[in-house]
Amino acid sequence: MNIGVDICGIHFKNPVIAASGTFGFGKEFAEYIDLNKLGGICSKGLTLNKNLGNKGIRIYETPSGIMNSIGLQNPGIEYFVNEELPFLLDKDTVTIANLGGHSVEDYVKGASILDETDVPMIELNISCPNVKEGGMAFGTVPSKASEVIKKVRKATKKPLIVKLSPNVGSIGEFAKLAQDEGADAISLVNTFNAMAIDIKAKAPVFVNKTAGLSGPAIKPIALRMVYEAAQTVDIPIIGMGGIMDYKDALEFIMAGASLIQVGTANFVDYNSMIDIASGIENYLIEENIKDIKEITGII
């Protein structure tokens with residue numbers, strides 16, 4: 001049974017990718033699982049310069065999920081290229097560099113640096129706040145999303161995945177916008193904007209007041225958004241949002257995702273992704289399906 005997937009001229013041995021921000025740079029999990037069994041690894045979100053991230057509480061558990069306010073803590077692109085990328089490229093899995101930024105200029109410079117490396121793909125995170133224009137996320141304003149995608153597209157020849165924010169009115173509109181501006185693929189969804197309050201302190205749990213919600217709680221909404229995006233674009237889709245087991249993964253694939261990313265589940269069980277990949281393969285065998293493409297977008 002073939003569970004391999006080819007998108008943008010790159011072969012993934014299986015459709016399971018470690019989602020950005022939940023798997024570090026791979027080294028953190030390497031002593032527990034065989035990274036070579038994964039379809040891909042998406043790096044922690046990278047910014048042009050080193051970023052210490054947000055103050056205060058960063059992770060907060062909530063029913064059926066977690067909220068995070070990490071603030072893109074990372075060592076910067078140059079450090080990643082010199083110290084982390086060689087380790088990842090040495091593995092028999094596809095490395096994807098997740099690129100963030102707080103200005104268009106930072107995005108473009110970061111993409112230009114990554115373009116000179118051997119990293120196979122770039123995932124463009126447009127959910128970052130635009131610090132020059134009041135902090136509104138690039139990915140929630142069509143004109144700003146269009147500008148950053150278009151300029152990053154010109155800055156790199158690498159296959160470009162655009163990671164969409166779910167905090168918009170029409171996910172189809174932003175999926176189509178990404179395709180029109182040159183995205184080779186889209187990934188969705190990023191975390192949902194959410195809030196928690198400490199009733200003892202009578203104050204928000206997070207310094208920034210709101211944070212990103214992920215985990216099983218968001219899965220039905222994320223699944224609907226992947227389905228809607230699949231009705232709108234012709235480019236490949238990478239689906240994510242609360243995928244905890246192979247059944248969840250198959251739902252996303254049937255809704256139109258060629259690949260899936262696993263995030264929160266990695267905090268629950270470090271074997272989650274390997275179990276999901278083997279679960280998908282066993283399902284194909286049981287259903288006598290010779291190729292995973294037979295069920296991709298079947299809904």
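The values are calculated or read from the model by the stated rules, or taken from the named source; none is laboratory data. Treat the numbers as computed from the prediction; the structure is a model and nothing was measured. Reconstructed Cβ throughout: ideal geometry from the backbone, glycine too, with neighbour counts over all protein chains shown. Remember, those area values only see protein heavy atoms, side chains included, never the ligands or the DNA or RNA. Shrake-Rupley method; radii C 1.70, N 1.55, O 1.52, S 1.80 Å.
What to note about this one:
- Residues in the range 72-102 that are out of contact with any strand residue (DSSP E or B) (no Cβ under 8 Å at 6 or more places or on another chain) and of a type in the set (A, V, I, L, M): V81 only.
- Test result for I70, of a type in the set (V, I, T), in contact (Cβ under 8 Å) with a residue 40 or more places away in the chain and open to solvent by less than 20 Å² (accessible area, probe 1.4 Å): no
- Residues that are in contact (Cβ under 8 Å) with a residue 60 or more places away in the chain and touching an Asp or Glu at 6+ places or on another chain (Cβ under 7 Å) do not occur anywhere in the range 211-226.
- Enumeration of residues in the range 108-128 that are over 16 Å from Y79 (Cα atoms), of a type outside the set (D, E, K, R) and modelled with pLDDT of 95 or more: V108, P120, M121, I122, L124, N125, I126
A quick yes/no check of all residues on (1) farther than 25 Å from I298 by Cβ; (2) of a type outside the set (V, I, T); (3) touching a helix residue (DSSP H, G or I) at 6+ places or on another chain (Cβ under 8 Å); (4) crowded, with 20+ Cβ neighbours inside 10 Å:
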position	(1), (2), (3), (4)
E181	yes, yes, yes, no
D184	no, yes, no, yes
M195	yes, yes, no, no
K202	yes, yes, no, no
K209	yes, yes, no, no
D245	no, yes, yes, no
D248	no, yes, yes, yes
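- Index of the failed condition, A111 passing every other in (1) out of contact with any Phe, Trp or Tyr (no Cβ under 6 Å at 6 or more places or on another chain); (2) in a loop (DSSP other than H, G, I, E, B); (3) open to solvent by less than 50 Å² (accessible area, probe 1.4 Å): (2)
- Selection within the range 171-201 - part of a loop (DSSP other than H, G, I, E, B), over 21 Å from L114 (Cβ atoms) and touching a residue at least 24 places away in the same chain (Cβ under 8 Å): V189, T191, A196
- Residue check, A229 of a type in the set (G, A, S) and either closer than 19 Å to G40 by Cβ or free of Cβ contacts under 8 Å to residues at least 60 places away in the same chain (or both): no
- Check on I235, in a helix (DSSP H, G or I) and open to solvent by 10 Å² or more (accessible area, probe 1.4 Å): no
- Matching residues, the range 38-65, being touching a Phe, Trp or Tyr at 6+ places or on another chain (Cβ under 9 Å), of a type in the set (S, T, N, Q) and open to solvent by 30 Å² or more (accessible area, probe 1.4 Å): N54
- Single residue of the range 1-36 satisfying the filter (touching a residue at least 24 places away in the same chain (Cβ under 8 Å) and of a type in the set (D, E, K, R)) that is most open to solvent (accessible area, probe 1.4 Å): K27
- Among residues of the range 258-275, those that are more than 17 Å from the chain's Cα centre (by Cα) and assigned to a helix (DSSP H, G or I), counted: 3
- Total residues in the range 88-108, condition open to solvent by 50 Å² or more (accessible area, probe 1.4 Å) and not basic (K, R): 4
- Within the range 118-154, the set of residues being in a helix (DSSP H, G or I), open to solvent by 20 Å² or more (accessible area, probe 1.4 Å) and in contact with a Lys or Arg (Cβ under 8 Å, 6 or more places away or on another chain) comprises just one member, E133.
- Checking A277, A255, A229 one by one, the residue that is surrounded by 24 or more Cβ atoms within 10 Å (Cβ to Cβ), among the aliphatic types (A, V, I, L, M), farther than 19 Å from G21 by Cα and out of contact with any Lys or Arg (no Cβ under 6 Å at 6 or more places or on another chain) is A229 and no other.
- Note on the range 159-178: residues that are of a type in the set (S, T, N, Q) and open to solvent by 40 Å² or more (accessible area, probe 1.4 Å) amount to 2.
- Of the residues making up the range 202-223, not one is of a type in the set (D, E, K, R) and assigned to a strand (DSSP E or B).
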